[in-house]
1. Roughly how many nanometres apart are two label points built 7 Å out from the Cα toward the Cβ at A:Lys419 and A:Asn764?
2. Once B and A are treated as a pair rather than alone, how much accessible area drops out, both sides summed, in Å² to 100, probe 1.4 Å?
3. Give a quick list of chymotrypsin sites (Phe, Trp or Tyr not before Pro) in the range A:65-105 that DSSP marks as loop, anything other than H, G, I, E or B, with at most 10 other Cβ atoms within 10 Å.
4. Taking the Cα-to-Cβ direction at A:Asp47 and at A:Ser995 and moving 7 Å from each Cα, how far apart do the two end points lie in nm?
5. How much net charge surrounds A:Arg163 when only other residues with a Cβ under 10 Å from its Cβ are counted (Lys, Arg +1; Asp, Glu -1)?
6. Within chain A, what whole-number % of the accessible surface is contributed by carbon and sulfur, with the 1.4 Å probe and all protein chains included in the calculation?
7. Based on the Cβ-Cβ distance of B:Ser76 and A:Asn1117, what FRET efficiency does E = 1/(1 + (r/R0)^6) give at R0 = 41 Å, to the nearest 0.05?
8. From the helices alone, meaning DSSP H stretches of at least four residues, give me the mean residue ellipticity at 222 nm for chain A, per-run term -39500 (n - 2.57), in deg cm²/dmol to the nearest 500.
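The values are calculated or read from the model by the stated rules, or taken from the named source; none is laboratory data. Values in this document were obtained by computation on a predicted structure and should not be read as measured data. Here the Cβ positions follow ideal geometry from the backbone for every residue, glycine too, while neighbour counts run over all protein chains shown. When the accessible area is computed, the model is the full protein with side chains, heavy atoms only, and any ligands, DNA or RNA have been set aside. Shrake-Rupley method; radii C 1.70, N 1.55, O 1.52, S 1.80 Å.
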Amino acid sequence: MSRRSFVKGLGILGGSLAAAKWAQATPLRYFKPTAIENPLAGYPDRDWEKTYRNIFAHDSSFVFLCAPNDTHNCLLKAFVKNGVVQRIGPSYGYGKATDLYGNTSSHRWDPRICQKGLALVRRFYGDRRVKAPMIRRGFKEWADAGYPRDAKTGKPDAKYFRRGKDKWLRLQWNQAYEYAAKTMHNIAENYSGHKGEGFLKEQGYDPAMIHALEGAGVQTLKFRGGMAFLGATRIFGLYRFANMLSLMDAKIRGVGPDKAIGGRGWDSYSWHTDLPPGHPMVTGQQTNDFELFAVEHSKLLIVWGMNWITTKMPDSHWLTEARLKGTKTVAITVEYSATASKADDVVVIRPGTDPAFALGLAQHIMANNLYDKDFVENKTDFPFLVRLDTLQPLRPEEFFAGYKEPELTSVKIMKAGEKPLPGAEQSDQFVPGSMKDDFKPFVVFDRKTRKYVPVTRDDYGDHAKKLNVAVELKHQADITLLDGSKVKVRTVFSLSKEYLDANMTPAQVSLITGCSASGIIGLAKEIAKNKEKTIFACGMGTNQFFNADLKDRAILMVAALTRNIGFAGGNVGSYSGNYKSSLIGGEPVYAAEDPFNLQLEKGGKPKIKKYSHYESLHYFNYGERPLRVGDKMFTGEGHMPAPTKSMWLNNSNSVIGNIKWHFDVVNNTLPKLEFIAYSDWWWTGSCEYADLVFACDSWAEFKHPDMCGSGSNPFVQIFPRTPMARVFDTRGDIEIIAGVSNALAKVTGEKRMSDMWKFVNDNNTAEYLQRIIDASATLKGNTIADLEEKAKQGIPALMNNRTYPRISSYEQAKSEKPWHTKSGRLEFYRPEVEFIEGGENMVIYREPVDSTPHEPNVIVAAKHEAIRFKTPAEYGFDEKDVSSETRQVRNVAMTTGELMKSSHPLRLKNYTHIYHTPKYRHGAHSTPVDTDINAIWFGPFGDVYRHDKRMPSVVEGYVDINPLDAKAMGIEDGDYVYIDADPEDRPFRGFKPGSEEYKVARVMLRARYYPGTPRGVTRTWHNMYGATFGSVKAHESRPDGLAKSGETNYQSMYRYGSHQSATRAWLRPTQMTETLLHKTMYGQGLEKGFAADIHCPTGAPRESFVKITKAEDGGMNSQGMWRPAALGFRPTYENQAMKEYLKGRYMKGKG
Amino acid sequence: MDRRAFLLGGLKGSATGRTSGETEASRQSGAEASVFKIGRLADFPTGETRRFGSGSILVESLPEGLRARSGEPGGSCYEITANPIGELSVNLSRTWDENTVFSIMIGGPTRLEQSMEENDERR
């Protein structure tokens, strides 16, 4: 009975209450007045109060580690009553963390928790838990039938692969392991050798991909531990498994360890578009960063494309504390974000124009001589001369007669057969002898002596001062080389300055970005004023555009010009994803242990040998294709993917469920796969389309310890084993991997596949962790037993980094070490052929590839003698072809003025809005996003009662739109709308209007009036679960309209489609080069070309230009206006009371 | 559990119980008495059958889900439920037909032959 009806009932009954005999038998009898003379003597029993007092009482508690991909990782305390976890709180142990020397952290780290962690109880016991190993019926029938295939193509009958529409069956654990093992073995066998090659040709794979297979069908098996730094053994375990498969390859192909190949590993950090792809192009490092609490050392904090307040929740206090200490905060953003509301200054720019904005700052700094001469001359490549005939650096050997290159000391050139030191002992950079020529010296011009001077890699930083050269930064001249040829040479500085002065003045940048010229100039001056004291904290927002690497190169340029790289208070960092596994540098002793020579002794030293190759997931996302346009292959050989026939992922929903271009993957790519396995503890959108789902323990149920860290804080954190009993029929991730390996050992007769997991099978996973610790410079000296014991008390440990906070480029800024580049300096000129052909040898600006009202991906440049890109005609396609496919490689230059007059090709077809999909505070990717008590806060449409039965869940996806735009389109606040992106390829290639697939894929969602977004720009948060066949069927057939699959309990938060209906995969040529030099993931080695999570495609999920069409009225059951708008509580609909409130008239102060 | 139910649950046998003059035993309905817990999901590996109540109730673990039935030939099948912490119960006062099983996926009854595919075909 509601309170209202109860009170109403009282009114009706009131008159006859005294007379009614039956009233004695009703609850109303308690309303009879009672006379109490002495209340103290006869006070009623107050035992009932204990119920309230004991609400928070608990029988016991334990600590577990909450570690989604949010870069934080928090040891949390679970409080247990009657055997059930009832609530979760912070551990308050962070202030007690110490390093090996006894240095302690501060209690300012406590409390450490966010609302997502608090809500985890509802996930441990949630109804979408994967409760037991499950197999899809059709897949089981295929396996039980002996994996029948078409004799010519090798393809199984499609009747076995009705993914997303099939029934699920429970398996015993051993059965699940066997199905996985037999299937992987069958696939590897069938796609090996000439037979496999023939099948793949018949299936239409690109010959380059078939070539990449090297005849080893095992390479069609792909593995991904999602953001593996989150689990040093259980998540990295899948990469160890991939390496182990070399044993299976050896059996199948009959080869020895010298020729055996493992399964393929997929990337994580770059896959999530978390990698700032320009960082390795400038610094050689995967990512230049600093621990977030460093910001209090800065005087000027520029939060750029990073919604710190919402996405870094346990660390958001560092920003506010920096402000308390006097740090000025500037937010550069594309909307008035939560972080913008905390900033002193806010710059709102057009999405995807960040490189232009940074170049505008650089132009003003250069043009007005505001740069730091010492830093620029000695720590960057700006002084180096470039030959204009070849666009290559001028080399001393070409110019100085008899010049002999000195032996370098800043990089060790390894001799043939020489092996590098173990990772933890590597202090100097090294390369194989074959890369010696990558370190040729450069030439600068001395304005004092008017002479040219050779500069080697050893002359980095302060070491350059020994040369006693007064560098002429703007030098250009015609010179005669030793071979007699006359060439023009110019410094990188001079070339860059000319480009900036011609194209990126504050006035021009103002046109491109929408920020006023005075705003650009003001900020440039302020940065220049704060040398060593300006921090650029960048987020993934800016990574999600096609021009992301240019953005990094431009921001790093501003920072380098103003001496703001490598200092406690002056640095550049990028914050997205839990990526920096190099902090646990001993990881390879586990992930790449040589399976042919296993170390089975406790305390023994393992041998490392990598048999598995890695590749970027973006090619899978791209439809199992490399980038081949016109007559040119843009994907470098080292990047080339192998065909995918099997995938097994753990800790991940981003490869199917929340993948960019999701519906294209579901409808066009997944049918090419023969086996999809997921290990998860929550039934995600990925599980919906899998064949086999392994049920994993939740973090609170761990029976095997694990370890992780983060790039944003200084802690090594242990997942402790917990006393909580498994709620369902689940296993630890690592047990599952071991289980499949044990089954493979039986299938192949190769016992070493079981031995590979000896210490898991012996219930001593800690042995593997100890090996990793012993081999990691940051952890060596710790024991896993101590670390786990502390973790059980809620206390992490501090890593042994050189500084606290850890500061990237610290040693380089102090001139102790060179950067991991060819020159040893920060490099703003890229002479590699791929960059020159793309017109990006200098740092230039390109328009976004889709998110723009103007012509996409245009190079903004007036004629410049160093910009000599390949034209569409040279690549073999028509310059007028602006389709999505060709656009990625289409090099066309325009001046700023020409750009502003140009149009996106879809503008003529009523496509009007940029559509972008960033991440929000109520989800870490999609991890906790559908937890009801968390989800209802995800915007204004949360309604736990779902009064409007059209709602797919207790909340639903929506698009933020400027009210003026919406009104112009006849869309009211809360209406349902369709979002349609380029019909050429979205929601998926080859869609047919009216089909079931199209109905599921076309996104329909609420429109939210949001004055914080500029006109022409719309947004949907990235996190929510999208529609599937099962959810749409449920939504349309259930009486209550809930979009919850009747087969699996999968809960969609959209009625139809998702935010990924409008995204697609993009491949960028400069991210697929064979030539870029960078640091290896672990240790101090240098290498070139592809490296997973360092140099490979990053995608561009914020690139979309859309049409918005009204679908349904927002009012209850499609009638009229959405209630909050109708009541006058929404923007542009304000009633009088709301207007008064907004004017602050409910607040009254003195005076 | 809503707030009201939570509080009432917490008050059982304490203040409310005494004031109303009821005892825990007197409030126990016949239906409640016929419900008994059988364990957790992990106790029922697929393909196995467990006996309860001196063998009078069999719980079969089928790939599609769990089925509780009387041990007698042609005996009734009974409702299976799970509470929010994963404990399974059989309710002898509610019968299911033999084609209904407890789906571990959705935590409720499902038809043995039912699948989306078959439903589509039937349509």
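1. So the two model labels end up 2.5 nm from each other.
2. 3000 Å²
3. Details: sites: A:Phe79, A:Tyr92, A:Tyr94, A:Tyr101; in loops: A:Tyr92, A:Tyr101.
Those that pass, being in a loop and sparsely packed, are A:Tyr101.
4. Output for this residue pair reads 6.9 nm.
5. On the way: positive: A:Arg136, A:Arg162, A:Lys165; negative: A:Asp166, A:Glu688, A:Asp691.
Surrounding charge for A:Arg163 is 0.
6. 52 percent
7. On the way: r = 42 Å, r/R0 = 1.02.
Efficiency, rounded to the nearest 0.05: 0.45.
8. It comes out at -6500 deg cm²/dmol, rounded to the nearest 500.
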